[in-house]
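Shown next, in structure tokens, is the structure this report addresses.
Read the figures in this text as sums done on the coordinates, not as results from a lab. Being a predicted model, the structure only gives us computed values, none of them experimental. Here Cβ is always computed from backbone atoms with ideal geometry, including for glycine, and neighbour counts include all displayed protein chains.
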Amino acid sequence: MTRCLSLFGATGSVGQSTLDLIRRDGEAWRVGVLTANSDVTELAKLAREFRPDIAVIADEARHGELAEALAGTDIEAAAGADALVEAARRPADLVMAAIVGCAGLAPTMAAIESGTDVALANKEALVSAGELMTAAARTSGSTLLPVDSEHNAIFQCLAGGRIEQVRRIILTASGGPFRTMSAADMARVTPSEAVAHPNWSMGAKISVDSATMMNKGLELIEAHHLFPVGLERIEILVHPQSVIHSLVEYIDCSTLAQLGSPDMRIPIASALAWPQRMATPCAPLDLATIARLDFEAPDEVRFPATALCRAAIAEGGARPAQLNAANEVAVAAFLAGRISFPAIVDTVRRVIDAAAPAAPTSLHDIFSVDAASRAAARYFVDQCEHA
Ligand code: NAD
Ligand code: MG
């Protein structure tokens, strides 16, 4: 039976990997929605190939350009934040949420509220509004299928047991490109060094997050929402080869792990096909060649981001949304060459120290915290730049 997929963030790294799988399994899928932020040329090219009902460009100013690029097809062209939300409400068998940042929150939430199952890559949405999103999923009956490789691994390991009988969840982390670098040397790293991840090929923002270990902190928050075993039962373990994607230990001390080549098409395929499996073109694991797997405890002195995230989710309320927004601004400032690498996490810490936002009760509250936190982060970035 053909299933309908709506893909948000089609032009990104996860979006392209998703389309690579769909392209190879054309009989199984029909594409309902394709979206992008501002790259009209790429979005129109994908739309002409995959023939969705609608293509949405987030940048409202490019509506005309998109309509022109799709002229002569029966594909609807739409633009802007409201159009993204409207597209997310359209019936689909699965929404792939692969927009980067809190910008993906409104459409992801709209899909969940409509009761559509969501393959969730967009971790910033869950970090910012985890309670609201999981509550909405419970109400609507939407299933959240984690795409982030660690969470997808945990989801798979939980199929072998009951969540009430979990003793520990162990999130693995590669440690990023600066795992063995001194703090002094990290002060001088460039954006191109930070985005060069040793194992994974990913978008720029998540690559920088992996280098600061903020990514693992965001994933800790993500895991807390997806797998409610208690924060104290979720640990981080550095595993430089990225072969074991995470582990679940049960009360009998039996530990299940999910392994695979570091290729996002594996967790994406797992979410697309769930509860079935689908074939992928990925490289099977060759453990004899890999020969050894290494592990070490995380160093929270050189990489303070994970502790910051643990404190934010322990406090709860709007803290994670505040942290996430500050991090988005700081990462963009680092990528633009405006602040140093250590200033990313320093900026996040300053924003957190400067204000304690009230607990959010609605998406509107989350967006207010997000906006205030971005403004505070921009202020600290300006200060850093002129220091
Ligand atoms: P990316 O930067 O490669 O792509 C992001 C996509 O979002 C693009 O299609 C872009 O057009 C769209 N987008 C960006 N800003 C937008 C905005 N303001 N409004 C609407 N659309 C916007 O990012 P990515 O690496 O594919 O990551 C996507 C998400 O998946 C992130 O949340 C990331 O943390 C998560 N994730 C990615 C990977 C990976 O391997 N890339 C792994 C795990 C989780
Ligand atoms: Mg991950």
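Could you rank the peptides 269-275, 168-174, 81-87 by their average count of other C-beta atoms within 10 Å per residue, with the highest value first?
Details: 269-275: 20.1, 168-174: 23.1, 81-87: 18.4.
So the order, starting with the most tightly packed, is 168-174, 269-275, 81-87.
Here the label points at Glu232 and Glu296, each 7 Å from Cα along the C-beta direction, are separated by 2.9 nm in the simple model.
Whole-Hz Karplus values for the range 313-329 come out as 6, 5, 6, x, x, 8, 4, x, 5, 4, 4, 4, 5, 4, 5, 4, 5 Hz, taken residue by residue from phi with 6.51 cos²θ - 1.76 cosθ + 1.60 and θ = phi - 60°; glycine and proline positions read x. Roughly how large, in nm² to one decimal, is the mean projection of the convex hull of the alpha-carbon atoms in the range 70-174? Over all viewing directions, the range 70-174 projects a mean Cα-hull area of 8.7 nm².
Relative to the Cα centre, the charge distribution of the range 316-387, modelled as +1 at Lys and Arg Cβ and -1 at Asp and Glu Cβ, gives a dipole magnitude of about 40 debye.
The dipole here belongs to the chain: it is taken about the Cα centre, uses +1 on the Cβ of Lys and Arg and -1 on the Cβ of Asp and Glu, and is about 400 debye.
Selection among Ala332, Gly64, Ala311 by position relative to the dipole of the chain gives Ala311 as farthest towards the positive end (Cβ unit charges, Cα centre).
Quick one: among Ile251, Ile206, Ile99, which has the greatest mean-square fluctuation in a GNM of the chain with alpha-carbon springs under 10 angstrom? In this elastic network of the chain, the residue with the biggest mean-square fluctuation among Ile251, Ile206, Ile99 is Ile251.
Compute the signed sum of charges (Lys and Arg +1, Asp and Glu -1) over the other residues within less than 12 Å, Cβ to Cβ, of Gly161.
Working: positive: Arg162, Arg167; negative: Glu164, Glu249, Asp252.
So the surrounding residues net to -1.
The phi torsions of the range 37-50, fed into the Karplus equation with coefficients 6.51, -1.76 and 1.60 and a -60° offset, translate into couplings of 7, 9, 7, 5, 4, 5, 4, 5, 5, 5, 5, 5, 7, 9 Hz, rounded to whole numbers, with Gly and Pro shown as x. With N counted as the residues of the range 147-271, its alpha-carbon radius of gyration over 2.2 N^0.38 Å works out to 1.09. Across the range 263-268, rounded Karplus estimates of 3J(HN,Hα) from the backbone phi angles (6.51 cos²θ - 1.76 cosθ + 1.60, θ = phi - 60°) give 9, 4, 5, 6, x, 5 Hz, Gly and Pro being marked x.
Distances between placed amide hydrogens fall under 5 Å for Arg3 paired with Trp29, Arg30, all partners being 5 or more residues away or on another chain. Shown here: the range 274-387, whose C-alpha atoms stretch 51, 38, 27 Å along the first, second and third principal axes, sorted largest to smallest.
What the pair-distance distribution of the chain shows, using all Cα-Cα distances binned every 10 Å from zero, is 5, 23, 34, 27, 10, 1, 0 percent. Stokes-Einstein, applied to the Kirkwood radius of the range 3-146 over Cα pairs at a viscosity of 0.890 mPa s and 25 °C, places its translational diffusion at 166 µm² s⁻¹. Computed as a quarter of the hull surface, the mean projected area of the alpha carbon convex hull for the range 181-229 stands at 4.3 nm².
Relative to the present Cα-Cα distance, how much length would full extension add between Ala288 and Ala354 at 0.36 nm per residue of separation?
Additional length available on full extension: 18.6 nm.
Under 5 Å from the amide H of Leu237 lie the amide H atoms of Leu171, Thr172, Ala173, each residue being 5 or more positions distant or on a separate chain, with H modelled from the backbone and absent for Pro and chain starts.
Checking the a/c ratio against 1.5 first, then a/b against b/c, what shape does the Cα gyration tensor give for the range 76-117? Here the range 76-117 falls in the oblate category. Proximity of backbone amide H atoms, modeled 1.01 Å from N, is registered between Leu145 and Val118, Ala119, Leu120 at under 5 Å, excluding neighbours fewer than 5 places apart on the same chain.
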